[in-house]
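Before any comments, here is the structure.
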Amino acid sequence: MSTSSAGLAGKLGYSSIKVMLKGAPGWKKAGQKLVASNDFVANGNAIILDLRPAPAAASGHIKGAVNIPAAELAEAEDNFPPSKAAPFVLYGEPADIKMAMKTLKDWGYKSISLVEGGLIGWQAAGNTLVTGPAASEINWVRKLEEGEVGLDDFNKVAAGKGTGRIILDVRNLDETADGMFSGAINIPLDELDDRLTELPKDKEILVHCSTGARAEMAHQTLKKSGLTSLFLVATVECEEGICTAEE
Amino acid sequence: MRSRKLLFSVPAIMLATLITTGSSGVSAYATDLADSSQKVATATQTAKAKGKILGVSNKARTITIEEKTGPANVKFTDATVGMEHAQKGEAAIITYRMDGKNKIAITVEPKLAELPPGVSELQPEELIPLIALGPKQGNYLLIDSRPAGPYAAGHIPGAVSIPVEKMKSEGKSLLPDDHKDKLLIFYCGGPT
């Protein structure tokens, strides 16, 4: 993306152009931090973490922020969402931010940024603070990705309540030996290219595997072939013929 | 189908022969040539798939790669070289052979970005002092070429958002038009 943009700038007559090929991931790897847009902090589907002690947060915090004091972060792990894609935006003392970034990274979270300029920057940009106790529980719901089916929708079809939708199980035979959702078709991902004709063209195909990785790959194949499909991101487990799908 | 040019190369012959015949590869290769030129041609036709890796499944032993024509599935084996470069989201070049209808990966290599003429690379370490100065004092413009979503969730301090699509349609009006020699620095989500 950056190289195409740089090429376009060259064509527009700019003479001094550089590209940081390592991109945002390279910047993070060099120990540097990313900042969120203020609009994202105010309105985005993000978890805004106020790392200061509770009295400081009560005297003025960003609306919607969750106050988890840095000293209590380690024991609050159960309060954090299962999706590692959950985006976090942090503010507080620099040392606390550093520690929190490391903790969140160790827990597997991939999107961690800071409020630009901290609370001073936030206010300098014309934003206000709210007073009173801040929320202490994280209440964050993942938004579905393009092509993804919601867990509730999937479970309805698994319970036989979906019309015009069928389930495609792309797990291997050794996995389906423990059971499959009723009415599901099984085609292991590595056989899918050769067996597309077995799938209905007039139904929406809900693809699942055991986590979502193969389901997404299968969804791409189906979409390319002109079939209608959605994929499930969930942990699917089967025991004695009964399968469950959970976040 | 431009990206699937069929190649015929000596290293590929050696590799394919070694895979099928082990240490006696060279003599078997000679025998194959004498026996049936048709057989050798089939065994050594390789093609390349270039693009972003959409997914890797160890259970299905399959890599999905986004080619210009759409996503394609390539199988990998224990003999596939360079599986460490098959990472979701990274750009790669997969050299594969056909086995019936299946594509079997022989090698996976990282796809390195090619810089347009006159454009040079900047290392993150070189950017650090510039960010400390800020765009005004440092006399540069830092441009995030990713879509607006990832920019909003986290960008390099001081960067402005011009997604590559917007650059194509409105680039002229978004860049500083009075200083054509101003330093422009572009970055995105890594080498794709």
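Taken together, the values in this text are just the output of simple stated rules run on the coordinates, not laboratory data. Treat the numbers as computed from the prediction; the structure is a model and nothing was measured. Every residue, glycine as well, gets a Cβ built from its backbone with ideal geometry; the counts of neighbours run over all protein chains shown.
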Per-residue HN-Hα couplings for region B:90-95 [Karplus 6.51, -1.76, 1.60; θ = phi - 60°; Hz; x = Gly/Pro] = 8, 8, 9, 10, 9, 9
Cα-centre dipole for chain A with unit charges at Cβ (Lys and Arg positive, Asp and Glu negative), debye to 20 = 1500 debye
ask   = What translational diffusion coefficient, in µm²/s and rounded to a whole number, does the Stokes-Einstein relation yield for region B:124-187 at 37 °C and a viscosity of 0.692 mPa s, taking the hydrodynamic radius as the Kirkwood radius over Cα pairs?
value = 266 µm²/s
request  = Answer with one residue from B:Ile94, B:Pro117, B:Leu141: the one whose Cα lies farthest towards the positive end of the charge dipole of region B:73-192, charges on Cβ with Lys, Arg +1 and Asp, Glu -1.
outcome  = B:Ile94
More than 41 angstrom apart: percent of Cα pairs within the protein assembly as shown = 31 percent
ask   = Taking the Cα centre of region A:25-124 as the origin and placing charges on Cβ (Lys, Arg +1; Asp, Glu -1), which of A:Ala30, A:Leu51, A:Ser113 is farthest toward the positive end of the dipole?
value = A:Ala30
remark   = Computed over chain A, the Cα gyration tensor eigenvalues, each multiplied by 5 and square-rooted, give semi-axes in Å (largest first) of 41, 27, 16
key: Residue order, fewest to most surrounding Cβ atoms within 10 angstrom, among A:Trp140, A:Trp27, A:Trp107   = A:Trp107, A:Trp140, A:Trp27
query = How many nm is it between the label spots at A:Trp140 and A:Thr244, if each spot is 7 Å from the Cα in line with the beta carbon?
reply = 2.5 nm
query = So who's got an amide H within less than 5 Å of the one on A:Ile112, skipping anything under 5 residues away but keeping other chains? H placed 1.01 Å off N, in plane.
reply = A:Phe88
message = How far apart, in nanometres, would the label points at A:Ala71 and A:Thr197 be if each is projected 7 angstrom from Cα along the Cα-to-Cβ direction?
response = 7.1 nm
query = When only alpha-carbon atoms count, how far does region A:126-236 stretch along each of its three principal axes, as whole angstroms with the largest first?
reply = 61, 32, 27
